[in-house]
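Note sheet for the following structure.
The values are calculated or read from the model by the stated rules, or taken from the named source; none is laboratory data. Because the structure is a prediction, the values reported are computed rather than measured. Heads up: the accessible areas ignore ligands, DNA and RNA and are worked out on the full protein's heavy atoms, side chains in. Shrake-Rupley method; radii C 1.70, N 1.55, O 1.52, S 1.80 Å.
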Amino acid sequence: MERDFRTTFTRSAGALRHHPALVLNADYRPLSYYPLSLWPWQDAIKAAFLDRVDIVAEYDEVVRSPTMTLRIPSVVVLKDYVQPRKRVAFTRFNLFLRDEFLCQYCGDRGELTFDHVVPRASGGRTSWENVVAACAPCNLRKGSKSLTRAGMSLRKPPRRPGAQELLNLGRKFPPNHLHESWMDFLYWDAELQE
């Protein structure tokens with residue numbers, strides 16, 4: 001079964017090492033901010049040849065075939081609009097993003113894991129409303145005890161995030177590499193500096 005080319009984007013750092021293309025939806029917004037919607041340059045060129053995207057910006061570097069020379073795309077925009085998902089998947093990554101990569105007990109950014117606020121041994125469920133990001137020391141300290149019994153408190157109560165909320169949170173954590181040609185598309189609603 002072939003995956004939908006518009007919604008699958010490469011997350012592997014190795015494939016994006018050289019000249020990734022920022023993928024924008026038809027409304028000129030990235031499909032995703034975190035992880036940033038990027039394709040390897042080869043996929044961007046293929047999509048352009050198949051008339052699925054328009055090339056908006058290019059790198060200075062070129063690739064050559066026996067019959068042509070092409071500049072490598074740095075920003076592409078989909079010709080068809082992809083409806084954003086309304087429901088947020090309950091994944092470890094999305095949980096950490098909701099909690100802004102902070103331990104919800106002490107605020108540390110160290111080695112994160114997740115913790116059931118109401119322990120599973122006491123009937124706690126694995127859900128948005130009962131699981132939080134926790135550093136390893138806090139998770140060990142709390143163990144299978146209640147918050148009161150462990151003498152701990154939460155920075156904020158756990159809840160199901162909305163898709164737009166996670167999108168906005170993702171903008172706070174830019175990737176290590178941002179090409180200058182991407183900036184106008186990543187921060188289109190940021191306040192302009194005088």
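Structural remarks
- In summary, the lysines within cross-link reach of K172, defined as a Cα separation below 27 angstrom excluding same-chain residues under 8 places away, comprise K86, K156.
- Length gained when the stretch Q83-K172 is fully extended (0.36 nm per residue, less Cα-Cα span): 29.8 nm
- Full extension of the chain segment joining T69 with R92 gains 4.0 nm, where the gain is 0.36 nm per residue of separation less the Cα-Cα distance.
- Segment 54-108, accessible area per residue, ligands and nucleic acids excluded (1.4 Å, Å²): 60
- Set of lysines near K46 by C-alpha distance (under 22 Å), chain-local residues within fewer than 8 positions excluded: K79
- Amide H partners (placed H, <5 Å) of L24, local residues excluded: V76, V77, L78
- Converting phi to 3J(HN,Hα) with the Karplus coefficients 6.51, -1.76 and 1.60 and the offset θ = phi - 60°, segment 60-68 yields 6, 6, 10, 10, 10, 10, x, 10, 8 Hz in sequence order, with x at every glycine or proline.
- Among V77, V118, V63, residue whose mean-square fluctuation peaks in a GNM of the chain (springs only between Cα atoms under 10 Å): V63
- Extent along the principal axes, Cα only, for segment 64-194: 70, 35, 32 Å, with the longest axis given first.
- The residues D184, D99, sorted by heavy-atom accessible surface at 1.4 Å with ligands and nucleic acids left out, run D184, D99 from largest to smallest.
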